[in-house]
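Asker: For reference, the structure I am asking about is given below.
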Amino acid sequence: MIARHNSLIVNIACRVIVPFIFLYALCVIMFGHYSPGGGFQGGTILAAGVILMRLCLGKEASYKKFPPRLGLILGGIGILIYSGTGLAALLAGGNYLDYAALPVQGMDIPDRRYYGILFVELGVALGVFGVLTSIFDSLTKEK
Amino acid sequence: MKWLGIILIALFAAFLFYAEADMPAYGDPGAPGSVHVTPEYIERTYEDTHTPNIVTSVLADYRGYDTLGETTVIFTAGLICYLLLGGWKRNDS
């Protein structure tokens, strides 16, 4: 049973902190090329933001902000982004997940690999984010 | 039964410590794991991918298949949790 927390301080602090958690998660995902971080870590931080929202605001309010059935859908979309990037390279004539074969005009091969890695990390982040929130919602579901 | 478990754990720990003597020293540049493909990755990561973070380029580019498998494993775990615990509407006949 997860109910809205009874303290005003906790509620206000949650409302202030959660957007910054999301922003930090996007930062971790996008700067995975340059610093520690990447899809797995960023997706986990995104899921931590949603779970903090669930714990502080209660189920009614947080289910409106992020519906529980959205989790697995986002996870599937993430894996589709990942495998779709590989499939695009395959259909363009290269090997599976060989980003150098991605059909992008006017971009040399290292940059194609760079953006291929970025798409893959976004897919991983979406997948981890959706699956972790889905697991939390499954575990805290009331019969 | 409890003592059997303790003895088994002690034997296994002794076996692991015995096997650990053959491991290469920590950070040894001549270790087998450090001379096979690791120098190639370290030297060519920036030319190949324009990505300064070697971990990211190995994770997502050189070993992309592996990461696809990991993501699929995580997704499968979430799917199983959903099917076993979550909103599986039982409207069978």
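The values are calculated or read from the model by the stated rules, or taken from the named source; none is laboratory data. As the structure is a computational prediction, the values presented were derived from the model and not from experiment. When we count neighbours, we look across all protein chains shown, and the Cβ atoms used for this are built from the backbone with ideal geometry, even at glycine.
Asker: Is it fair to say A:Ile81 is within 14 Å of chain B (Cβ to nearest Cβ) and under 30 Å from A:Tyr114 (Cα atoms)?
Answerer: yes
Asker: A further question follows. Consider region A:84-143. How many of its residues are within 7 Å of another protein chain (Cβ to nearest Cβ), surrounded by fewer than 19 Cβ atoms within 10 Å (Cβ to Cβ) and of a type in the set (A, V, I, L, M)?
Answerer: Summing the residues that are within 7 Å of another protein chain (Cβ to nearest Cβ), surrounded by fewer than 19 Cβ atoms within 10 Å (Cβ to Cβ) and of a type in the set (A, V, I, L, M) in region A:84-143 gives 1.
Asker: Of the residues B:Pro39, B:Pro24, which single one is surrounded by fewer than 12 Cβ atoms within 10 Å (Cβ to Cβ) and either assigned to a helix (DSSP H, G or I) or more than 19 Å from the chain's Cα centre (by Cα) (or both)? Before you say what the answer is, go through the steps one by one.
Answerer: Working: B:Pro24 fails: surrounded by fewer than 12 Cβ atoms within 10 Å (Cβ to Cβ).
None of the other options fit; the residue is B:Pro39.
Asker: Further question: Under 6 Å between Cβ atoms, which residue pairs at least 6 apart in sequence (or on different chains) link something in region B:67-93 that is farther than 16 Å from A:Gly78 by Cβ with a partner that is at pLDDT below 90 and of a type in the set (Lys, Arg)?
Answerer: B:Gly86/A:Lys141
Asker: Go through A:Arg54, A:Arg113 for me and flag whichever is of a type in the set (Lys, Arg), more than 25 Å from B:Tyr82 (Cβ to Cβ) and assigned to a helix (DSSP H, G or I).
Answerer: None of the other options fit; the residue is A:Arg113.
Asker: Just name the residue that is surrounded by the most Cβ atoms within 10 Å (Cβ to Cβ) out of those in region B:48-63 that are assigned to a helix (DSSP H, G or I) and either more than 7 Å from chain A (Cβ to nearest Cβ) or of a type in the set (A, V, I, L, M) (or both).
Answerer: Filtering region B:48-63 for residues that are assigned to a helix (DSSP H, G or I) and either more than 7 Å from chain A (Cβ to nearest Cβ) or of a type in the set (A, V, I, L, M) (or both), the one surrounded by the most Cβ atoms within 10 Å (Cβ to Cβ) comes out as B:Ala60.
Asker: Which one of the conditions (1) assigned to a loop (DSSP other than H, G, I, E, B); (2) closer than 21 Å to A:Gly32 by Cβ does B:Pro29 fail to meet, given that it meets all the rest?
Answerer: For B:Pro29, the failing item is (2).
Conditions tested, residue by residue: (1) touching a residue at least 12 places away in the same chain (Cβ under 8 Å); (2) surrounded by fewer than 21 Cβ atoms within 10 Å (Cβ to Cβ); (3) closer than 26 Å to B:Thr71 by Cβ.
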{"position": "A:Arg4", "(1), (2), (3)": "yes, yes, no"}
{"position": "A:Phe22", "(1), (2), (3)": "yes, yes, yes"}
{"position": "A:Phe31", "(1), (2), (3)": "no, yes, yes"}
{"position": "A:Thr44", "(1), (2), (3)": "yes, yes, yes"}
{"position": "A:Ala47", "(1), (2), (3)": "yes, no, yes"}
{"position": "A:Val50", "(1), (2), (3)": "yes, no, yes"}
{"position": "A:Ala61", "(1), (2), (3)": "yes, yes, no"}
{"position": "A:Lys64", "(1), (2), (3)": "no, yes, no"}
{"position": "A:Pro67", "(1), (2), (3)": "no, yes, yes"}
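Asker: Can you tell me which residue among A:Gly49, A:Gly43, A:Gly71, A:Gly76 is under 19 Å from B:Leu59 (Cα atoms), within 22 Å of the chain's Cα centre (by Cα) and of a type outside the set (A, V, I, L, M, F, W, C)?
Answerer: Testing whether each residue is under 19 Å from B:Leu59 (Cα atoms), within 22 Å of the chain's Cα centre (by Cα) and of a type outside the set (A, V, I, L, M, F, W, C) leaves just A:Gly43.
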